[in-house]
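We did not get these values from a lab; they are worked out from the coordinates using the rules stated. The shown structure was predicted, so the numbers you read here are calculated from the model rather than taken from an experiment. Here Cβ is always computed from backbone atoms with ideal geometry, including for glycine, and neighbour counts include all displayed protein chains.
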Amino acid sequence: MHELALCRLGTKTGEVEGHVRTFEGDLLVLEVDELPEGREIGDAATVTVLDPVRGRCPYVGLLGGMTDGEVRVVVLERGEPNQRRSAARAFYRVSALGKLETADGTQALPVTVVDVSASGVRFVTRRLLHRGDVVRFPMPVGDESVDLVARVLRVEEGQHEWRYGCELLELDERTRERLFRLVLSLHRAWARERAAQH
């Protein structure tokens, strides 16, 4: 997507122009006229792509490596041409003991989180749930945990377990901020790893 489209890369030290080489998954590879000065892997960056079909498409991300006129950006937020943004998501595998809310009360439900964003989560469990079911669980984050309330939106059947895409309910600003910082740190670690491989 966006191959050869003109773009502008913005960092704290200013903007440079170039074009998109490739955009696969969450990795945006740009060819730029000059490399941003004084920037390091993991620094914040914005990219505005001027796509001839899709129009002006803004992205927010982190620098993932710079070599010989090429810049890699790990995309955290995607701005559609109408300016709507989808929340950045990151792989994050931790286990927790949750509680499934039912008409008769609550039932214990072991879950394993597989990815997370500031507004949603995906987890797997061996029990069949349905759209609209609500699961409460403490998700480990470092040495602490955050209490999440997840409502099932999507159900995917696996070989030995079920996978559920959920929206998070009852989020206060502190919890949302902690989730965003978690996703940011996971993406930064991934960006450093990708950069070390090239």
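Give me the tail of P(r) for the chain as a percent: Cα-Cα pairs with distance above 24 Å. Everything past 24 Å amounts to 48 percent. Note that region 14-27 has calculated 3J(HN,Hα) couplings of x, 10, 10, 10, x, 8, 7, 8, 9, 9, 10, x, 10, 10 Hz, one per residue in order, obtained from phi through the Karplus relation 6.51 cos²θ - 1.76 cosθ + 1.60 (θ = phi - 60°); glycine and proline are x. Taken along the Cα-to-beta-carbon direction at a fixed 7 Å, the label points for residue 126 and residue 147 span 2.8 nm. Modelled spin-label separation between residue 56 and residue 155, with each label point placed 7 Å from Cα along the Cα-to-Cβ direction: 4.4 nm. Compared with the direct C-alpha span, the chain from residue 171 to residue 196 gains 5.4 nm at full extension, assuming 0.36 nm per residue. All C-alpha pair distances within region 115-198, sorted into 10 Å bins from zero, spread as 16, 42, 30, 12, 1 percent across the bins. In sequence order, region 42-48 has phi-based couplings of x, 5, 5, 8, 10, 10, 10 Hz under the Karplus curve 6.51 cos²θ - 1.76 cosθ + 1.60, θ = phi - 60°, and Gly or Pro positions carry x. With viscosity 1.567 mPa s and temperature 4 °C, the Kirkwood radius over alpha carbon pairs of region 9-75 converts through Stokes-Einstein to a diffusion coefficient of 110 µm²/s. Summary of packing: across the peptides 9-21, 175-187, the per-residue average of other C-beta atoms within 10 Å ranks them, highest first, as 175-187, 9-21.
Amide H contacts for residue 94 (H built 1.01 Å from N in the peptide plane; partners 5 or more residues away or on another chain; cut-off under 5 Å): 113.
Using the Karplus relation 6.51 cos²θ - 1.76 cosθ + 1.60 with θ = phi - 60°, the per-residue 3J(HN,Hα) values for region 110-124 come to x, 10, 10, 5, 10, 7, 8, 9, 6, 9, x, 8, 10, 9, 10 Hz, with x marking Gly and Pro.
For residue 2, nonlocal amide neighbours, meaning residues 5 or more places apart or on other chains whose placed amide H falls under 5 Å from its own, do not occur.
Between the helical axis of 173-196 and the longest alpha-carbon principal axis of the chain there is an angle of about 50 degrees.
For n ≥ 4 DSSP H runs only, could you compute -39500 (n - 2.57) per run for the chain, divide by its residues and tell me the 222 nm figure to the nearest 500? Helices in the chain give a 222 nm mean residue ellipticity of -4500 deg cm²/dmol. All C-alpha to C-alpha distances of region 1-115, sorted into 10 Å bins beginning at zero, yield P(r) values of 13, 38, 21, 12, 11, 5, 0 percent in whole numbers.
If you count, for each residue, the other Cβ atoms within 10 Å and average over each peptide, how do 117-127, 23-33 line up from highest to lowest? Intermediate values should be presented prior to the final figure.
Numbers: 117-127: 19.0, 23-33: 16.5.
So the order, starting with the most tightly packed, is 117-127, 23-33.
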